[in-house]
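See structure below.
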Amino acid sequence: MNNEQNRTLIFEILRYNPLIKGDTPKMEKYQVTEAPGMTIFIALNEIREEQDPSIQFDFVCRAGICGSCGMIINGEPKLACRTLTANYPKGVITLLPLPGFELIGDLSVDTGKVMRQMSERVESWIHDQEAEDVDLTRLEERMEPEIADEIYELERCVECGLCLSACATKRMRDDFLGAVGFMRLARYAVDPRDKRTGEEFYEIIGDDDGVFGCMTLLGCEDYCPKDLPHQTQIAYLRRKMALGK
Amino acid sequence: MENLVLDNKTKKSRIPAWLDITQSGTGLVLGLFMWVHMLLISSILLGAGSFKFVANMMELSFLSPTGEGYPIAVVFAVLGVFSLFILHAGLGMRKFPSSYKQYKAVRSQMKLLNHEDTNLWFYQVLTGFIMFFAGSVHLYIMLTHPEIDPYISAKRVVVSSMWPLYLILLVAVEYHGAIGLYRLCMKWGWLAGKDAKKSRANLKKLKKTLTAFFLVLGILSLIVFILIGVKHKDTNPNDSTAKISTTITQQYLKG
């Protein structure tokens, strides 16, 4: 007899392999017996091990750190490893791949390519023309703990891509940088070791593909699995870029 | 010629920044103006005399020795609002889906996530589109017939069959304006306080309350205008308006 601990869950999963000629996207149903504390990630592994070894999805850390297992779970972009099946009282769970990324197959998308492009676009490294002359035998310059905390807070981004999938602006305009890029840039803007000026940051995000293209739909804010302050951060960048020059 | 040069040495223009500021600035002024406008119109709920009193104030009657006011003041005000309206519409249009592909992307995103703030933005696009037409008609009429009077307005609503347009305009303006002002706060980080999430939830509640308040106010005002319009349908506005209005205003001012 089923009770709340071991009810039967129905998973409806998008199946499509673009590498197979003639394959078309279709929804397939799987049944899984729920276990206590079960996550979507655990259920998917069970499906792959016991029912269908061909199903494709990504994971590495299983703990919400690597950002690999992002997918659309019952209409919300989420990390599979941080989503409990117990959150779905009806027991029917629909899984779709993240939109806006190149589909590798089924629930697996290529977020890496987009993140690499983003990193290059915001020049995601410390810019300091005098860095070559640094004396490596000396102690590194001290940083205020508050600034270090602020940088750490912004660096918690795991590049899962949920913010981009949740952003209708990005879906509409592919060249739009998106929240992950703004967060990365803000991280370097805060860092005193990066000597880039406001004008130099303007050159990166001062247009409609950058911060002025953001329509403040706040999908990034609402679906970020790390609860990063996207709304506050983008508003700050907008003010800084629009008025601070 | 510099726009023909495609290299990364060309400095980014400041124009996108100014366009963004101007879009927000015109939206802020228009949004607040529409709330004040609605409050002034709703003076009809206190009677035609109150509306006439407010109208006279708008025509700067307190500055004229005869108390008749200057309808030209209304023309200038309408011209100002019309200019802001056109500027705001032009700038807002930049954010509309500009092709079927973009439209399909937005619609599929809305269907996939059913995310409230994304939906709110889409309602703004729709209501903005409606206002291109409905707002222009109203503003043009106010520009060519600047005299504000309860009986002229009532006749316009009933005899000239303007009530459906005003009803559509009312719904479009109240939704567009309130959503816009809420989104402005989000966009620029205004009123965020120490807890931006909490402030957002509160602002959203306030937005819903104000939309409901102004919609009720607007609908009641429209009903009163319709009732006045039906009652005075057969009177000649040119004869009656001045006399009725003046009498009512005098009575009102006498208390």
Qualifying residues in the range A:195-244 (those that are charged (D, E, K, R) and buried (at least 22 other Cβ atoms within 10 Å of the Cβ)) - the one nearest to the other protein chains (Cβ to nearest Cβ): A:Arg238
Residue match in the range A:212-229 (condition: free of Cβ contacts under 8 Å to residues at least 24 places away in the same chain and β-branched (Val, Ile, Thr)): yes
Filter pass, A:Lys195 being touching a residue at least 40 places away in the same chain (Cβ under 8 Å) and either hydroxyl-bearing (Ser, Thr, Tyr) or not in a loop (DSSP other than H, G, I, E, B) (or both): no
One residue from A:Arg184, A:Arg138, A:Arg171 being under 29 Å from A:Gly75 (Cβ atoms) and more than 14 Å from chain B (Cβ to nearest Cβ): A:Arg184
Selection within the range B:122-143 - touching a residue at least 24 places away in the same chain (Cβ under 8 Å), within 30 Å of A:Lys78 (Cα to Cα) and surrounded by 15 or more Cβ atoms within 10 Å (Cβ to Cβ): B:Gln124, B:Val125
Any chance B:Glu59 is more than 27 Å from B:Leu184 (Cβ to Cβ) and in contact (Cβ under 8 Å) with a residue 12 or more places away in the chain: yes
Members of the range A:72-102 found to be away from chain B (no Cβ under 12 Å), under 12 Å from the mean Cα position of the chain (by Cα) and part of a strand (DSSP E or B), listed by number: A:Leu79
Close pairs (6 angstrom Cβ cut-off, 6 or more residues apart or separate chains): farther than 12 Å from A:Leu98 by Cα in the range A:63-76, surrounded by 22 or more Cβ atoms within 10 Å (Cβ to Cβ) and of a type outside the set (S, T, N, Q) anywhere: A:Gly64/A:Leu79; A:Gly64/A:Cys81; A:Gly67/A:Cys160
Residues of the range B:104-121 satisfying the condition of being surrounded by 17 or more Cβ atoms within 10 Å (Cβ to Cβ) and more than 7 Å from chain A (Cβ to nearest Cβ): B:Leu120
Single residue of the range A:7-20 satisfying the filter (touching a residue at least 12 places away in the same chain (Cβ under 8 Å) and loosely packed, with under 13 Cβ neighbours inside 10 Å) that is nearest to A:Pro89 (Cα to Cα): A:Thr8
Residues of the range A:21-45 that turn out to be surrounded by 19 or more Cβ atoms within 10 Å (Cβ to Cβ) and part of a helix (DSSP H, G or I), as a count: 4
Scope the range B:142-190; condition small (Gly, Ala, Ser) and touching a helix residue (DSSP H, G or I) at 6+ places or on another chain (Cβ under 8 Å); matching residues: B:Ser153, B:Ala154, B:Ala172, B:Gly177, B:Ala178, B:Gly180, B:Gly189
Exclusive hit being more than 26 Å from B:Glu68 (Cβ to Cβ) and either modelled with pLDDT of 95 or more or surrounded by 13 or more Cβ atoms within 10 Å (Cβ to Cβ) (or both), set B:Phe213, B:Phe225: B:Phe213
Residues that are out of contact with any helix residue (DSSP H, G or I) (no Cβ under 9 Å at 6 or more places or on another chain) and at pLDDT below 95, drawn from the range A:93-138: A:Asp128, A:Gln129, A:Glu130, A:Ala131, A:Glu132, A:Asp133, A:Val134, A:Asp135, A:Leu136, A:Thr137, A:Arg138
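The values are calculated or read from the model by the stated rules, or taken from the named source; none is laboratory data. If you're wondering where the values come from, they're calculated on a predicted model, not measured in any experiment. Note that each Cβ is placed from the backbone with ideal geometry, even for glycine, and that neighbours are counted across all protein chains shown.
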